[in-house]
1. Name the residues in segment 76-115 that are surrounded by fewer than 20 Cβ atoms within 10 Å (Cβ to Cβ), under 32 Å from the mean Cα position of the chain (by Cα) and among the hydrophobic types (A, V, I, L, M, F, W, C), would you?
2. Would you check which residues across segment 262-284 are in a helix (DSSP H, G or I) and either buried (at least 21 other Cβ atoms within 10 Å of the Cβ) or at positive phi (or both) and list them?
3. Among the residues of segment 604-624, write down those that are surrounded by fewer than 22 Cβ atoms within 10 Å (Cβ to Cβ), without any contact (Cβ under 8 Å) to a residue 40 or more places away in the chain and part of a helix (DSSP H, G or I).
4. Would it be correct to say that residue 337 is at pLDDT 95 or above, of a type outside the set (Lys, Arg) and farther than 30 Å from residue 265 by Cα?
5. Within segment 491-511, is even one residue modelled with pLDDT under 90, in contact with a Phe, Trp or Tyr (Cβ under 6 Å, 6 or more places away or on another chain) and not aliphatic (A, V, I, L, M)?
6. Among (1) modelled with pLDDT of 90 or more; (2) exposed (fewer than 15 other Cβ atoms within 10 Å of the Cβ); (3) touching a Phe, Trp or Tyr at 6+ places or on another chain (Cβ under 8 Å), there is one condition residue 424 misses while meeting the rest; what is its number?
7. Do any helices (runs of 4 or more DSSP H) entirely within segment 1-75 hold 1 or more residues that are modelled with pLDDT under 50, and if so, which?
8. Conditions first: (1) surrounded by 15 or more Cβ atoms within 10 Å (Cβ to Cβ); (2) among the charged types (D, E, K, R); (3) closer than 12 Å to residue 254 by Cα. Residue 309 passes all but one, so which condition is the exception?
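The values are calculated or read from the model by the stated rules, or taken from the named source; none is laboratory data. The shown structure was predicted, so the numbers you read here are calculated from the model rather than taken from an experiment. Cβ placement follows ideal geometry from the backbone for every residue including glycine, while neighbour counts extend to all protein chains displayed.
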Amino acid sequence: MPHSFCVFRCAVFVMLAFSSLTNFSVADEAQWRDYFARRTTTLRDTCLTQKPADQTWPEYQKHLRRELYDMLGLWPIPEKTDLKPVVTGQIERDGIIVEKLHFQSRPGLYVTGNLYRPSENRGPLPAVVYVCGHGEVKRNGIAYGNKTHYQHHGAWFAKNGYVCLTIDTLQLGEIEGIHHGTHRLDMWWWLNRGYTPAGVEAWNSIRAVDYLVSRPEVDPTRLAVTGRSGGGAYSWWLAALDERIKCAIPVAGITDLQDHVIDDCVQGHCDCMYFVNQYGWDYPAVAALVAPRPLLISNTDRDPIFPLEGVQRVHARVRNVYRDLGKAPMLGLNITAGEHVDTQELQVHALRWLNAHLKNDKNPIPNAATKLFEVEELKVFKELPADQRNTTVHEWFVEESKLQLPPVDGQARKAWKEAHYETLRHTAFRCWPHEPREAAIKLQSLKSLAIGERTFDLQTGTIQTDDSFELPIVVLTPSDDKAVKETRVIVPDAQTYESLSTYFHAQTSATANAEQLKQVTRLPLMQRVLAELPSHCALVFIVPRGIGPTTWPGDKKSVTQFHRRLYLLGETLDALQVYDIATMVTTIAKAPGIGGTELKLYAEGVMATNVLYAAAATDMSLRLELPTLSPDFRAGPFYLNIQRKQSAD
């Protein structure tokens with residue numbers, strides 16, 4: 001019988017095997033919802049529970065702070081280079097002075113801002129860093145910065161005896177950078193680099209404090225931070241990282257993973273709200289880093305992106321920390337009526353909290369915050385600086401690792417591999433529950449199949465790599481007495497899997513013709529698998545999660561938010577697929593009928609790279625047929641921090 005006809009019949013039977021396993025056209029969101037719920041619960045339950053018994057709270061905070069620096073892309077802590085501050089203009093009105101200024105938090109990374117202070121110099125004053133939310137101000141194509149949107153806060157603080165530095169954000173400043181890399185620009189390689197714009201906002205805020213303490217009008221022992229929405233999040237970053245901040249009022253800037261991941265709040269937030277969650281945090285850990293300093297958590301009761309229930313859960317966890325430290329009065333919760341809006345009630349409570357803790361003043365607030373200036377008056381730059389690096393900050397802010405080839409010497413090569421794998425398990429694959437190991441497998445014998453002059457036994461079933469996922473497997477083994485010596489394991493990517501699905505449905509609907517069915521054998525992957533198929537060879541198809549029946553359903557926007565949920569949990573789909581592949585291959589190596597045979601793995605493109613890392617995780621002797629790897633990490637796969645230069649400590 002001609003070899004081409006054998007190949008053709010083999011392909012048809014493979015499709016038949018897949019059909020008995022699942023309906024190709026159905027993707028089951030429920031499995032992922034179950035997975036998200038379990039992972040979120042695990043991170044919630046372990047949050048703030050791992051302090052060693054012999055460690056003091058300040059010592060534990062130091063450990064947590066180091067992790068937060070790391071997850072924001074700020075470890076090792078960048079050098080504090082010359083700020084090169086420049087005041088480009090000044091306005092005086094209604095008893096306050098506004099200085100229009102800029103400084104460089106790192107060379108070429110410009111921060112534009114307005115410094116508000118009382119006209120009368122009454123000695124060193126308490127000072128506030130006001131970090132802005134997403135209030136874009138743009139006229140005729142000119143960006144004036146979100147500092148102008150929130151100008152009434154700075155003016156109000158100055159009228160009440162404070163120095164206030166209001167700074168623009170990266171995306172909505174006078175020099176417009178990017179916040180939405182994964183949210184809508186498909187810049188998933190940010191995860192490989194360990195980059196998040198939250199790190200830029202945190203660093204710019206720390207350097208804003210550096211600038212404030214250099215001013216003679218400022219009392220460096222009485223510093224505070226506040227802001228709302230995105231500015232609420234940056235308030236958390238700054239207060240958690242910089243202990244010079246003695247009082248914090250984050251407004252509408254925090255909720256927990258349950259809201260973000262389970263209740264879908266992730267859809268309403270850009271990347272500046274999130275750290276790269278390598279260490280598996282929930283958000284009460286961020287809040288706990290402020291303890292025991294005065295902290296007022298403020299929110300409205302109908303905020304759709306910072307829901308009240310999540311805010312209350314965060315407060316309840318942090319309240320326990322303050323109570324344990326004997327500082328319960330230093331924590332406040334301020335809930336006022338409203339949606340996601342900047343209400344006067346929120347403003348008044350913030351100023352009262354600052355007055356109480358920085359001035360020992362508990363009197364009522366006599367005036368309200370109002371905007372005093374036209375936005376054009378507050379603009380810092382007449383022309384944007386030619387040496388700015390704001391618009392490319394995502395390319396350089398986190399240092400990229402350099403390619404390191406393994407040593408040639410066998411012993412040195414083994415040591416290199418072990419060290420490299422240990423680094424991967426600490427970073428890219430930290431989300432794995434444990435090392436890949438043999439898992440539960442279920443196989444059902446269906447029928448014998450004649451392929452050419454030989455007969456094969458067909459089995460289909462699943463391998464359970466996780467409590468939420470039983471993943472498809474199809475096994476074809478020779479029926480004759482010849483022992484299997486080689487097993488070819490095929491790991492299809494989504495496109496190849498979809499092609500097999502399409503051909504199968506054409507066949508079962510009785511619309512297929514011979515030419516259509518033969519097309520499946522023309523798939524490059526199938527051609528390589530079936531080429532010169534020896535008589536003692538078995539075929540195994542394995543399907544990691546995220547493909548076929550475990551694909552997340554929905555349009556591109558829905559799939560984007562699916563991937564963002566994963567990285568909020570400290571994971572990526574590719575990292576989970578590496579784990580699945582390694583687990584399934586380890587299980588196949590001991591499966592009845594094919595255990596102990598030589599394993600040869602086939603995959604293409606990004607999936608081939610996943611197979612490559614899976615092979616490294618198994619410590620098994622495997623042959624790999626990976627003709628096309630992904631060209632670079634920008635095209636995928638995506639693993640947290642895999643391209644980031646790792647610090648020595």
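1. Result: 77, 83.
2. Kept after step one, since they are in a helix (DSSP H, G or I), are these residues of segment 262-284: 262, 265-268, 271-273, 284.
Within segment 262-284, 265, 266, 271, 272, 273, 284 meet the criteria.
3. Of everything in segment 604-624, those that are surrounded by fewer than 22 Cβ atoms within 10 Å (Cβ to Cβ), without any contact (Cβ under 8 Å) to a residue 40 or more places away in the chain and part of a helix (DSSP H, G or I) turn out to be 612, 615.
4. Working: at pLDDT 95 or above: yes; of a type outside the set (Lys, Arg): yes; farther than 30 Å from residue 265 by Cα: no.
Against the criterion (at pLDDT 95 or above, of a type outside the set (Lys, Arg) and farther than 30 Å from residue 265 by Cα), residue 337 does not qualify.
5. yes
6. The failed condition is (2).
7. On the way: elements: 3-21, 29-46, 57-71.
Hits in segment 1-75: 3-21.
8. Condition not satisfied by residue 309: (1).
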